[in-house]
Amino acid sequence: MGAANVLGVPLGTLAGNLTGRRIAFSSLSALALVVLVALPAVLPGLTASRAIRPKLLMEQFRNPGVRIGIIATALLVFGHFAACTFVRPALQRLWGIDERYVGPLLFGFGVAGVIGNFAAGAALSRRVHRTVLIISVALAVEMPLFLLPGRTVVGAAILTTVRGLSYGGVSVGLKTWMIKAAPRAVEAASSLWVAVFNLAIGLGALVGGVVVGMPTFQGVLWLGGACALLTALGDMRCPQRRLGLTESGPSGARSHRA
């Protein structure tokens, strides 16, 4: 999941530049169909420990660790996709980056994201709360930096790499947070987390599209930075011991790299 999030945009942009949007979307549809056919054949059958009913999902909000984890997920993912969905026009309109450099910059973002995914996984085995806090602070600082003067291709490469490293740890960090916050209700907490994660992607892109159409294009970057900052402030106000985050989750759930 983490790799798909960070590599999807740059690879999609590269494919669109090389072949055109229609072929890029057609290729994606074909790949999705292949995955749909292959999943039943390659994945083992899994049986849930108990049925996940709406009441069980709502009960998870009584857990402060789950509650804060859901809020952090909504803010970070919403803010990132509000800004990142329109990173290409930001690079071209704000930084004046030549179109030929946009694809490589986005690909660098994706590679950095995969590295960040594994780096966060290693850090999460020791400190979940601190790792998510560092990721939030990094995203809160990085997004508004796109508005600074003196914009160059090298500067853009540095900032997109920092964003890739930071956001690459978001999915693995918050998924591990949820598992350790609810070790006795992993399936329910994880289901709730996935729903909020995907809802935040859609809402972030939707709101980002509205903001980007306004005269002040830079609003999407301020919005993304503000969401990350709110997440960091919330994490700082809620130390790990108050959230009930255990240092080791269920067997095999120490971290979930994608």
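Spin-label model, residue 194 to residue 18: label points 7 Å out along the Cα-to-beta-carbon direction sit 3.1 nm apart.
Here the convex hull built on the C-alpha positions of region 138-189 has a volume of 69 cubic angstrom per residue. Over region 68-169, accessible surface divided per residue gives 39 Å², non-protein components excluded, 1.4 Å probe.
Using the Karplus relation 6.51 cos²θ - 1.76 cosθ + 1.60 with θ = phi - 60°, the per-residue 3J(HN,Hα) values for region 225-231 come to x, 5, 5, 5, 5, 4, 5 Hz, with x marking Gly and Pro. 3J(HN,Hα) along region 22-32: 5, 5, 4, 5, 5, 5, 4, 4, 5, 5, 4 Hz, from the Karplus curve 6.51 cos²θ - 1.76 cosθ + 1.60 with θ = phi - 60°, whole Hz, x for Gly and Pro. Diffusion coefficient (Stokes-Einstein, Kirkwood radius over C-alpha pairs, 4 °C, 1.567 mPa s) for region 24-112: 73 µm²/s, rounded to a whole number. Ranked by the mean number of other Cβ atoms within 10 Å per residue, highest first, peptides 169-175, 107-113, 25-31 order as 169-175, 107-113, 25-31. Note on region 162-233: with neighbouring protein chains present and a 1.4 Å probe, carbon and sulfur make up 75 percent of its accessible heavy-atom surface.
The values are calculated or read from the model by the stated rules, or taken from the named source; none is laboratory data. Everything quoted here is computed from the prediction, not taken from an experiment. Backbone-built Cβ (ideal geometry, glycine too); neighbour counts: all protein chains shown. Remember, those area values only see protein heavy atoms, side chains included, never the ligands or the DNA or RNA. Shrake-Rupley method; radii C 1.70, N 1.55, O 1.52, S 1.80 Å.
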